[in-house]
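Everything on this sheet refers to the single structure shown next.
Please treat every number below as a calculation from the coordinates, not as lab data. This is a predicted model, so every value here is computed, not measured. Cβ: placed from backbone, ideal geometry, glycine included. Neighbour counts: every protein chain shown.
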Amino acid sequence: MYTSAQLLKQACEENGLDLAEATLQHECEKTGTSREDYIEGLKERLAVMRQAGERARKTPLMSLSGLTGGNAYKLDQLAPENSYLGALPVKAMAIAVSTSEVNAKMGKIVAAPTAGAAGILPAAILVAEEDLKLSEEEMIKGLLVAIAIGYIVATNATVSGAEGGCQVECGAAAAMAAAALVYLRQGDIDAVFDAASIALINIMGLVCDPVGGLVEFPCALRNAGGVMNAMSAADLALAGVESLVPFDEVVQALYAVGCSMPMQLRETAKGGVAVTPSAQSACQACGLK
């Protein structure tokens, strides 16, 4: 079993395996699941990702608290000619925010790797499907590459905002998405890990400060920013830009930074934007303590 990017790359080279195939074999061995059942499970998750990424884009969806909502619909209505980024990035952000809003409505989402960061990977995979005309089989391979990245982060650091800040939630999700995007454009394994490294570096130190202690604000907006991070990191790696610091070392740094964060900045709602006057007023208006 691999526990690092270095070991995974070594396994691929020694056994002549594609990154997605190596991950699939590892996951089946680790979970005791047959190849067919594991792939079927990924297809089911992909379907949930698709539904969650669509739901709040077509109908404004408010959270149960009433604190946030309706933003995925607004993004979906933004005309390309009124956007600096263009149609595809805006769609990616809309999918990411939709997933977050479905989560805040207590709908079904796929934690990727967490509920708070659930919109980033689906947004990346689904816009790649549109842009590259991907088959379901190709999308499953992209998810497998993302799983490899998430597994390494979770094994060597953490994906819990309460333990390491939002950098390990939206950061890990962006790294997973960036790696998948590079893979889906036939980037080599070094570029895949460079993209993941860049995505983590871009978000290093991000605190977890949900208003009212709810996974709503600024979480949904960070999902939109997270998929932009993933897309830019992927493009940098595809252009041949390398990360000075290897992925495994970036993960170690990520964990060290997370451990050094004050408790108030790790999902307690006692620091960051959660304690601003506007946030406190919004919580009171919604009946939140």
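What the table below lists for this structure:
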quantity	calculated
Alpha-carbon centroids, the stretch 158-218 and the stretch 50-102: separation in whole Å	20 Å
Which listed pairs, of LYS30/LYS108; LYS30/LYS141; LYS9/LYS43; LYS30/LYS133; LYS74/LYS270; LYS30/LYS105, have C-alpha distances above 24 Å, in listed order	LYS30/LYS108; LYS9/LYS43; LYS30/LYS133; LYS74/LYS270; LYS30/LYS105
Derived scalar couplings ³J(HN,Hα) [the stretch 143-159; Karplus, 6.51 cos²θ - 1.76 cosθ + 1.60; whole Hz; x for Gly, Pro]	5, 5, 5, 4, 4, 4, 5, x, 5, 5, 5, 5, 6, 9, 9, 6, 10
Helix 247-260 axis, angle to the chain major axis (alpha carbon atoms, nearest 10°)	30 degrees
Rounded to whole Hz, the Karplus (6.51, -1.76, 1.60) HN-Hα couplings of the stretch 223-240, x for glycine and proline	5, 5, x, x, 6, 5, 4, 4, 5, 5, 4, 5, 5, 4, 5, 5, 6, x
Rounded tilt (10° steps) of 87-104 against the dominant C-alpha axis of the chain	70 degrees
The chain: Rg to Rh, with Rh as the Kirkwood radius over Cα pairs	0.97
GLU36/ALA111 FRET efficiency (R0 22 Å; Cβ-Cβ; nearest 0.05)	0.40
